[in-house]
Every structure is written in structure tokens, then in C-alpha cells.
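Undergrad: Got a structure here, written out as C-alpha cells. Questions coming.
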Amino acid sequence: MIPSLCYFDLTAGLLSCSKFRTREEILTIEIKPGWKRGTKITFPEKGNEEPGVIPADVIFVIEEKPHATYKRDGNDLVVNQEITLLEALTGRTLDLTTLDGRSLVIPLTEIVKPGAEIVVPNEGMPISKEAGRKGNLRIKLDVKYPSRLTTEQKSELRRVLASVSRRIEGLEVFGFPIFLPFGLEELRIGYPFQSTIWRPSGNRFHSNWKDRVHLGLN
């Protein structure tokens with residue numbers, strides 16, 4: 001709103017003024033990639049005008065519309081994916097469509113534990129103050145367990161999983177053989193083995209201790 005001009009009516013001999021008149025103006029906002037909720041865009045002195053008063057500013061505040069798949073966490077994007085117990089143990093490929101329409105193929109090749117999170121670098125939200133940079137895409141995996149198993153299924157699971165633990169030949173603690181779970185990444189051995197670390201290599205465990213002695217697995 002801006003003050004109106006006054007005019008003189010010659011016929012009536014009167015000076016007439018309207019207090020305000022309306023003027024329309026289009027304000028264009030260019031949204032930059034990565035802007036966060038709460039970002040303010042200010043148009044100085046584009047608000048209401050009054051005689052003898054500096055016009056007010058027009059301020060727009062950014063709000064974020066929720067997405068059906070992704071949730072924003074700072075510069076990161078978070079997505080939840082549910083997989084079955086079978087997929088958690090044997091693997092699966094995740095197919096995701098990014099916010100800009102690209103396809104992401106993410107293979108799950110390792111055993112997935114409940115609550116596991118996969119981080120895909122540079123696939124999150126653009127960082128508005130750092131051109132070309134993005135946050136991460138964080139995929140939170142939820143393992144869905146079966147609600148029931150038949151007697152035959154339980155028996156088969158026992159048979160399969162019983163062979164998962166394997167024995168290291170020749171490696172004993174106080175006379176008892178050590179059994180390692182499938183997928184173990186390293187074995188730390190203290191006295192009297194001089195605090196060495198054993199790691200898997202194929203179907204064997206090896207160490208940098210002494211001459212990299214290899215122990216076979218049953």
C-alpha cells in the first residue's frame with residue numbers, strides 16, 4: 001500500500017484525497033539447491049508505505065515439504081529400508097531413485113546386523129555454501145524376522161548354522177580349542193602369544209607376528 005495522490009474537483013470546488021492506493025509488484029525468489037528450513041529471503045523496503053515512514057521489508061521464510069521416501073538430517077538424506085532375515089544373511093541389491101531422478105544400485109554383500117546403516121558419500125543434499133559438494137545418503141536397514149517357523153525349518157536352520165562356527169587347528173587356550181564364528185574380522189591373542197592379531201585370509205587366519213604363521217581351519 002502506498003499513499004494516493006490528491007486531486008482538486010473544479011466542479012465541486014473540493015480537494016479530494018484517498019488515504020491509500022494499492023500497487024501490485026511481482027517478487028521473484030530463486031531457490032538455491034540445499035537451502036534449509038528457516039532460510040530467510042528479504043526484499044528491502046517492499047512492504048507497506050506510509051507518509052514519513054521508511055517502507056517495511058518483505059521477508060519470506062523457507063519451509064520444507066516432507067518427502068515420501070527421504071528424510072533430511074542437516075546435509076544428509078536418510079532412508080529406511082526393510083530386508084528379510086534371508087536377505088540379511090545371503091545378500092540383496094537395493095534399488096533407490098534419487099531426488100534428481102537418478103537410479104542408485106547398492107549391493108549388500110556382507111551379513112547385515114539389525115540396526116545397521118550404510119553410508120553412500122556425496123548422495124545427500126547439496127551444500128548451498130559449498131558449490132559441488134553434497135552430504136551423505138544414509139540407508140538404515142531394518143531386518144524383518146519371520147513370525148514363526150515350522151519344525152522342519154528349525155531343524156534345517158540348526159543343521160546349516162551349526163557348521164558356521166569353525167575350529168582353528170593347533171590353537172588352544174588352557175588346553176581347550178578355540179572356535180571362531182563365521183565372518184570374524186580379527187582375533188586378538190594376548191600372552192603367551194605376544195599380543196598378536198590374526199585376520200582371515202581366504203579360509204585361513206594369518207598374522208604379522210613372527211613369520212606370518214598360517215593356521216588352517218577345519
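The values are calculated or read from the model by the stated rules, or taken from the named source; none is laboratory data. Remember, it's a predicted structure, so these values are computed and weren't measured experimentally. Quick reminder, even Gly has a Cβ in these numbers, built from the backbone with ideal geometry, and neighbours come from all protein chains shown.
Undergrad: Can you name every residue in segment 74-84 that is under 28 Å from residue 156 (Cα atoms) and exposed (fewer than 14 other Cβ atoms within 10 Å of the Cβ)?
TA: Of everything in segment 74-84, those that are under 28 Å from residue 156 (Cα atoms) and exposed (fewer than 14 other Cβ atoms within 10 Å of the Cβ) turn out to be 82, 84.
Undergrad: In segment 119-151, what count of residues is obtained for those that are touching a strand residue (DSSP E or B) at 6+ places or on another chain (Cβ under 9 Å) and not in a loop (DSSP other than H, G, I, E, B)?
TA: First, the residues of segment 119-151 that are touching a strand residue (DSSP E or B) at 6+ places or on another chain (Cβ under 9 Å): 119-127, 132-146.
Narrowing the set further to residues that are not in a loop (DSSP other than H, G, I, E, B) leaves 119-120, 126, 134, 137-144.
Residues in segment 119-151 being touching a strand residue (DSSP E or B) at 6+ places or on another chain (Cβ under 9 Å) and not in a loop (DSSP other than H, G, I, E, B): 12 in total.
Undergrad: Going through segment 33-68 one residue at a time, which ones are surrounded by 11 or more Cβ atoms within 10 Å (Cβ to Cβ) and under 26 Å from the mean Cα position of the chain (by Cα)?
TA: If the condition is that a residue be surrounded by 11 or more Cβ atoms within 10 Å (Cβ to Cβ) and under 26 Å from the mean Cα position of the chain (by Cα), then 33, 34, 35, 36, 39, 62, 64, 67 are the ones that fit.
Undergrad: Testing residue 121 on (1) loosely packed, with under 10 Cβ neighbours inside 10 Å; (2) modelled with pLDDT under 50, one condition comes back false. Which one is that?
TA: All conditions pass for residue 121, except number (2).
Undergrad: Now for a different question. Quick check on residue 126: is it surrounded by 15 or more Cβ atoms within 10 Å (Cβ to Cβ) and not assigned by the TED database to the domain that holds residue 38?
TA: Numbers: surrounded by 15 or more Cβ atoms within 10 Å (Cβ to Cβ): yes; not assigned by the TED database to the domain that holds residue 38: yes.
Taking the combined requirement at face value, the residue satisfies it.
Undergrad: Under the condition of being closer than 28 Å to residue 71 by Cα and small (Gly, Ala, Ser), which residue from segment 130-160 is surrounded by the most Cβ atoms within 10 Å (Cβ to Cβ)?
TA: Start the filter on segment 130-160 by keeping residues that are closer than 28 Å to residue 71 by Cα, which leaves 130-146.
Keeping just the survivors that are small (Gly, Ala, Ser) gives 131-132, 135.
Numbers: 131: 9, 132: 7, 135: 19.
Of everything passing the filter in segment 130-160, 135 is surrounded by the most Cβ atoms within 10 Å (Cβ to Cβ).
Here is a yes/no grid of residues against (1) in the same structural domain as residue 114 (by the TED database); (2) modelled with pLDDT of 90 or more; (3) at positive phi:
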site: 36; (1), (2), (3): no, yes, no
site: 40; (1), (2), (3): no, yes, no
site: 44; (1), (2), (3): no, yes, no
site: 48; (1), (2), (3): no, no, no
site: 51; (1), (2), (3): no, no, no
site: 54; (1), (2), (3): no, no, no
site: 60; (1), (2), (3): no, yes, no
site: 76; (1), (2), (3): yes, yes, no
site: 79; (1), (2), (3): yes, yes, no
